[in-house]
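Presented below is the structure to which this report refers.
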Amino acid sequence: MNADRYGSLIKFLEKQSQTYPAWYKFKVLALSMVGFLFILSMLVLVIGLGIGIFAFALFTKNIVVLKLLAKFFWLPLVIAFYIFKALLVKIEKPQGVELTASELPELFSTIDEIKDRLGTQKIHHVILNDEMNAAVVTIPKLGLLGWRINYLVIGLPLMQLLSPEEFNSVLAHELGHISNRHTRFSNWVYRVRMTWFQLLVSLEKKRSFVTNIFIRFFNWYAPFFDNYTFVLARQNEYEADSDAARVTCGNVAASALIRVHAFGQLVEQDFWQSVWDKAKVTAIPPEDVYFDLNKTINQVKQDDVEQMVAKALEIKTDTQDTHPCLSDRLSALQSKKQLILKQQSASEVYLSSQYSKLVNIFNQQWRELAKEHWQEMYDYYQQARNNLLKFEHKVNSNEIEVDEIVKYAQAVEALHSAENAIVYYRQALKIDRDHPTANYGLGFILLNQNDDSGEKYLRKAMLVNLSMKAELAETLYNYFHYHQNVAKATEYEALYAEVCQQQQAMENKLGEVNRKSVLIELKLDKKLKRKITQQLGEISNIGKVWCAEKITPDYPDTPCIVLVIKLKGFWINEQDKMSEVLNKIQLPCFAYVATTGLHRWLNRKIKQVPNSLLFDSRSSYLP
């Protein structure tokens, strides 16, 4: 559905929900039942099939038919097993550090007080993570069969940003989403929306014959349900804001909203950009990023704060997010549009003696996660510095090649500024106007300067390959959507959808592996091969792995890696292990993974490819 049709649908549903609220809610309820009825019908179908086979076996006297039925009697049981397994699909719990009432009594006392005032469901776990956000996440332990566990997820940066009163307001907003006393229907729909998408993501990770049936249904149903309940979800945000104002007061709730919206860009973009800029001069990631973040938040000048607030208030509500814009939420609260002076942060008050310990945990986690990419960025900046020195004396002469000018432009952009790099990208394009990297670099710089002329350069860069085309179509859509150019946004939204379909078609072709497929020796550099085999060695129950490259006639320039895995022991569902391998090893291109148990013919075929053995756990084989 394109932006125009989607926007028209939302406007129609908004009008209907206001004019005929009961009818709109009835249709939402009926649509909600469709998902549950699909699952129930699948179970009834399988049970009916089993009963039918059993009944037919009782009444038939034909020996041949009885033998045939005996062979297939197990089929409904196997299908039922996989359906129940799909229903019990594990949904990942939120990541972070679990907080306890014994260590942080004041925080949990506040949560309990707000929970009692709003009449919300029980909060089973409180998780602290590294995001500028808070949320209530409901995880069904038994998948769609129920037993819901509620997680209250709190971001450390959010606690550093807000005052205790403002933080209480945010807690009330999030807990309002699972209130039992108020807006019970809309809160139920809110949870159902989350459940369908959580289920779809989890099913995608564990594909099998049966889960593919569910995936195909929920790929259609979940987005459709999401679109149709968009209006109710937005109303739920307003109602949660009302709960926040009732627990604290309107001005505090407004101040919390303003502070989060105004400081969001400072934290998410400016602060983290300044952190990664340090990779220009040091190969070691900083140790105290979250202490530094707290200092940055507290040292913002009043004039800068006023500019950030004004910028946040300019943003208008759209149909891309169920959250209304800041100005609409403040108008609904009928409160002052100003920040309340912050004396202390919520992190100081509620994390108290545990604050330094928790911040150091997140500092250490960030360093571990950033270490590899930080080294890559440091190496990149070092190479950029070398390119500056290498090409500086040639850049204004006729001796320099176009690729050297582009490398120089990239070095200037990386080490100095994007503004200074523009002249060199333009110099490269004078020599070769279709140079993909020069068009890409110049186009992005111009768009970041809110210059629409960047569009034409990115369009030229799109001609390079399919993956870049998708990325740039999405970039141009986001740019024109932000600048409210509906015609252009619609054009690039359609282009992005078209490219995604092309990519899906390509992946389908690459994923077609049969007895006629041509497999050749896979040639990877030794460093990458060693890394892959080490990753395979860290996965349990992997015996041997063979690899090859598949030739796809329709896409001769697009490689596809075929991996065949021999598992240790007996496995009922080898698909799970195949998914784990795909998720845990880093391959340079599209990959098809199979097991010797499910694909014996492929195992024989790949063994005939020269040097196909990639990993053998018995000999710790490394290429």
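The values are calculated or read from the model by the stated rules, or taken from the named source; none is laboratory data. None of these values were measured; they are calculated from a predicted model. Here the Cβ is made from the backbone with ideal geometry for all residues, glycine too, and neighbour counts use every protein chain on show. Remember, those area values only see protein heavy atoms, side chains included, never the ligands or the DNA or RNA. Shrake-Rupley method; radii C 1.70, N 1.55, O 1.52, S 1.80 Å.
Below, the figures for the structure above:
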{"read-out": "The chain, relative contact order [Cα under 8 Å, separation at least 6], %", "value": "10"}
{"read-out": "Separation of alpha-carbon centers, region 384-422 and region 276-307, rounded to whole Å", "value": "29"}
{"read-out": "Portion, in percent, of the accessible area of the chain that falls on carbon or sulfur, probe 1.4 Å", "value": "54"}
{"read-out": "Spatial separation of Cα centroids for region 476-497 and region 99-178, in angstrom", "value": "37"}
{"read-out": "Listed residue (317, 339, 327) projecting farthest to the positive dipole end of region 309-376, Cβ model", "value": "339"}
{"read-out": "Global geometry of region 434-482, whether rounded, prolate or oblate, following the gyration tensor of its Cα atoms and the 1.5 cut on a/c", "value": "oblate"}
{"read-out": "Estimated FRET transfer efficiency when R0 is 22 angstrom, pair residue 356-residue 299 (beta carbons, to 0.05)", "value": "0.70"}
{"read-out": "Eligible lysines near residue 301 by straight Cα distance, threshold 22 Å, same-chain separation 8 or greater", "value": "311, 336, 337, 342"}
{"read-out": "Cα-Cα over 32 Å, subset of 93/607; 460/509; 523/577; 394/531", "value": "93/607; 394/531"}
{"read-out": "Expected 222 nm ellipticity per residue - DSSP helices of 4 or more, -39500 (n - 2.57), all of the chain, to 500", "value": "-20500 deg cm²/dmol"}
{"read-out": "Under 5 Å, built H, 5+ apart or other chain: amide partners of residue 592", "value": "561, 562, 563"}
{"read-out": "Accessible solvent surface per residue of the chain, calculated while the other protein chains remain in place, 1.4 angstrom probe, Å²", "value": "54"}
